[in-house]
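Trainee: This structure is in structure tokens; I'll ask about it shortly.
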Amino acid sequence: MDNCIFCKIVRKEIPCNKIYENEDILAFNDINPAAPVHFLLIPKLHIDSLVDIQDNHQNLLGKMLLLVPDLAKEQGCEDGFRTIINTGRVGGQEIFHLHFHIIGGRERLPVMIHQG
Ligand code: AMP
Ligand code: ZN
């Protein structure tokens with residue numbers, strides 16, 4: 001994906017504040033953090049969005065999910081965190097390369113969606 005900003009980060013064409021990398025997965029700090037800890041976990045493989053995942057992504061997605069608690073703890077989320085995947089227009093997705101937001105810090109995060 002030539003013009004995808006996260007693919008460019010994967011290819012090291014633009015810099016990121018990397019916190020983790022393996023063969024298939026990259027994690028880096030969000031450029032506009034919503035809380036003291038806010039990093040993004042992405043597959044190196046370009047997948048537009050959560051609605052585009054396929055059966056053959058199972059292993060990759062499982063590996064990503066398994067990394068979340070370890071990385072969150074490593075980044076200072078000792079007592080919980082929030083994991084968000086914005087999807088599509090209604091979900092407010094801005095960058096169409098699948099990514100998990102991991103957000104936390106010391107303080108309790110605000111309620112995300114108010115009911116009623
Ligand atoms: P989303 O609305 O879920 O698509 O979120 C995209 C996120 O990517 C936002 O939180 C942005 O702050 C973040 N972001 C955009 N460009 C960069 C970048 N170059 N490096 C790190 N984070 C970025
Ligand atoms: Zn991409």
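Throughout, read-outs are computed from the coordinates displayed, never taken from laboratory work. Please read all numbers here as calculations on a predicted model, not as lab measurements. Please note: Cβ atoms are built from the backbone with ideal geometry, for glycine as well, and neighbour counts cover all protein chains shown.
Trainee: On the given criteria, is I19 within 14 Å of ligand 2 (Cβ to nearest atom), surrounded by 15 or more Cβ atoms within 10 Å (Cβ to Cβ) and not polar (S, T, N, Q)?
Mentor: Answer is no for this residue.
Trainee: Right, F96: under 15 Å from F39 (Cα atoms) and either within 16 Å of ligand 1 (Cβ to nearest atom) or under 13 Å from the mean Cα position of the chain (by Cα) (or both) or not?
Mentor: no
Trainee: List every residue pair whose Cβ atoms lie under 6 Å apart, where the two residues are 6 or more positions apart in sequence or sit on different chains, the first residue falls within the range 1-14 and is touching a residue at least 40 places away in the same chain (Cβ under 8 Å), and the second residue, located anywhere, is part of a helix (DSSP H, G or I) and more than 11 Å from ligand 1 (Cβ to nearest atom).
Mentor: Matching pairs, first to second residue: M1/C7.
Trainee: Do we have K63 as farther than 20 Å from G105 by Cβ, outside any loop (DSSP other than H, G, I, E, B) and more than 14 Å from ligand 2 (Cβ to nearest atom) here?
Mentor: For K63, the condition - farther than 20 Å from G105 by Cβ, outside any loop (DSSP other than H, G, I, E, B) and more than 14 Å from ligand 2 (Cβ to nearest atom) - is met.
Trainee: Taking the range 1-30 on its own, how many of its residues are under 17 Å from N86 (Cβ atoms) and over 12 Å from the mean Cα position of the chain (by Cα)?
Mentor: The qualifying residues number 2.
Trainee: On to the next question. Filter the range 66-116 down to the residues that are part of a loop (DSSP other than H, G, I, E, B), free of Cβ contacts under 8 Å to residues at least 40 places away in the same chain and of a type in the set (A, V, I, L, M, F, W, C) and list them by number.
Mentor: I85, V111, M112, I113
Trainee: Now, a different point. Within the range 23-56, take every residue that is more than 11 Å from ligand 1 (Cβ to nearest atom) and without any contact (Cβ under 8 Å) to a residue 12 or more places away in the chain and give me the one that is farthest from M112 (Cα to Cα).
Mentor: Ranking the candidates gives N56 first.
Trainee: Another one. Quick one: which of V51, V10 is loosely packed, with under 13 Cβ neighbours inside 10 Å and of a type in the set (A, V, I, L, M, F, W, C)?
Mentor: Every option except V51 fails the conditions.
Trainee: Still on this structure, please answer the following. Taking the range 32-47 as the region of interest, how many residues are more than 16 Å from ligand 2 (Cβ to nearest atom) and in a loop (DSSP other than H, G, I, E, B)?
Mentor: Of the residues in the range 32-47, 5 are more than 16 Å from ligand 2 (Cβ to nearest atom) and in a loop (DSSP other than H, G, I, E, B).
Trainee: Given (1) within 21 Å of G91 (Cα to Cα); (2) surrounded by fewer than 16 Cβ atoms within 10 Å (Cβ to Cβ); (3) within 12 Å of ligand 2 (Cβ to nearest atom), where does M1 come up short, assuming only one miss?
Mentor: Exception for M1: condition (1).
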